[in-house]
1. How would the range 306-359 be classified by its alpha-carbon gyration tensor: rounded, prolate or oblate, with rounded meaning a/c under 1.5 and the a/b versus b/c comparison settling the rest?
2. Under the rule a/c < 1.5 gives rounded, and otherwise a/b versus b/c splits prolate from oblate, where does the range 179-343 land using the Cα gyration tensor?
3. Under the rule of at least 5 residues apart or a separate chain, name every residue whose amide H is placed under 5 Å from the amide H of L198.
4. Is it possible to state the helix-based mean residue ellipticity at 222 nm for the chain, with each DSSP H run of 4+ residues giving -39500 (n - 2.57), the sum divided by total residues, to the nearest 500 deg cm²/dmol? What is it?
5. Would you mind putting 21-28, 314-321 in packing order, based on average other-beta-carbon counts within 10 Å, highest first?
6. With only Lys, Arg, Asp and Glu charged, each at its Cβ (+1 for the first two, -1 for the last two), find how big the charge dipole of the chain is about the Cα centre; round to the nearest 20 debye.
7. Using +1 at the Cβ of each Lys and Arg and -1 at the Cβ of each Asp and Glu in the chain, identify which of W346, A30, C260 lies farthest towards the dipole's positive end.
8. Through the Karplus equation 6.51 cos²θ - 1.76 cosθ + 1.60, θ set to phi - 60°, convert the phi angles of the range 8-13 into ³J(HN,Hα) values in whole Hz; use x for Gly and Pro.
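Quick note: the coordinates plus some simple rules give every number you see, no bench work behind them. This structure is a prediction, so every number in the text was calculated from the model and none was measured. Please note: Cβ atoms are built from the backbone with ideal geometry, for glycine as well, and neighbour counts cover all protein chains shown.
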Amino acid sequence: MKIAIIGTKGIPARHGGFETCVQEVSTRLAERGHQVIVYHRSSDNTSKSYRGVKMIRVPTLESKHLATLISSLLSTISLASKHVDIIHIYGVGSSAMIPFLRCVSKKVVISVDALDWKRAKWSKFASWYLRLAERVATRFADRIVVDSRVIGRYYWEEFRARTEYLPYGAEIQRTERMDALKKFNLEKNGYLLFVGRLKPEKGVHRLIQAFDGLNTDKKLAIVGDDVFSRDYIRSLKSTTNPNVKFLGFVYGEDYKQLCCNAYLYVTASEIEGTSPALLSAMGYGNCVVVNALPENCETIGDAGVCFRKNDVEDLRKQLQDLVDHPQKVKEYQIKARNRIVQCYNWDAVTEGLEKLYRSFSR
């Protein structure tokens, strides 16, 4: 099959869940003999291919409101005259392209994420557009893919739209190396780890509030940044707690070492689908602590700890309990790895997607 993918910043993944999914799945599809094209908007990636996947860069504006839409529009125009068997759109915000693609007889799959219109970064108009985009996706796409059964129920209850459940994957990873920890002034098991974009919906302010009340000498290592949330980031960095460490974006071997040597991984995000960063943390063998969103609880099952939704005091209580009981942390570490092996496998995800694509030719 010839498969075109649009709507993401590009691969190799450095930006989020969809990019990670596209990297893992597209390269596996290429290994299986399919022709895969990824349209991307990454200005720092000029490569023509990546591990057997053809790369096509399209220009866009560096705007949080228009970047995806413009790049998807230009990708759509390019694809209108090309022969491809499947066009897979990632992100509901690009669903406006589907009616045009269907008019030129293209088969379209769209992967929809968490309820994007709820995110605080969007204006009222942007939120309205994203809700409209959901409706467009349900009306015109040939197939809708969700990474969470919770999101699938939402699309059924709201639109009576059937969806295909294909979760993200993760890998079991370990490393004995710890040299990167010195760079960040950290010690093995001496820090709690957060990974994500530093924007209000990620709840980092609540996490810092909870951490401030902990009775511990462990540190809080915060990995991430966000170019559109400078005021928020300044407010986070105004904390007077010297044990809160902002590390910025961290990738590659350094990131692997941070994940493998953390005491636990914690996220206070207010909006999620199936979080790739959370799955990755579980694959690295972390005890995980999550905000009690239905999507998060679905992801971890009994292999982690949920705190009451957006409740700083309960987050502090759960963290203190884990800090005080290292044996409990070790038990959750084993459960986390086992859950990844059983439920979140990239090869299984690829096989499911390949089966979905082949269903068009029946």
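1. Since a/c reaches 1.5 but b/c is at least a/b, the shape of the range 306-359 is classed as oblate.
2. rounded
3. Hits under the 5 Å cutoff: D225, D226.
4. -12500 deg cm²/dmol
5. Going from most to least packed, we get 21-28, 314-321.
6. The calculation lands at about 900 debye.
7. Going by the charge dipole, the pick is A30.
8. 10, 6, x, 10, x, 6
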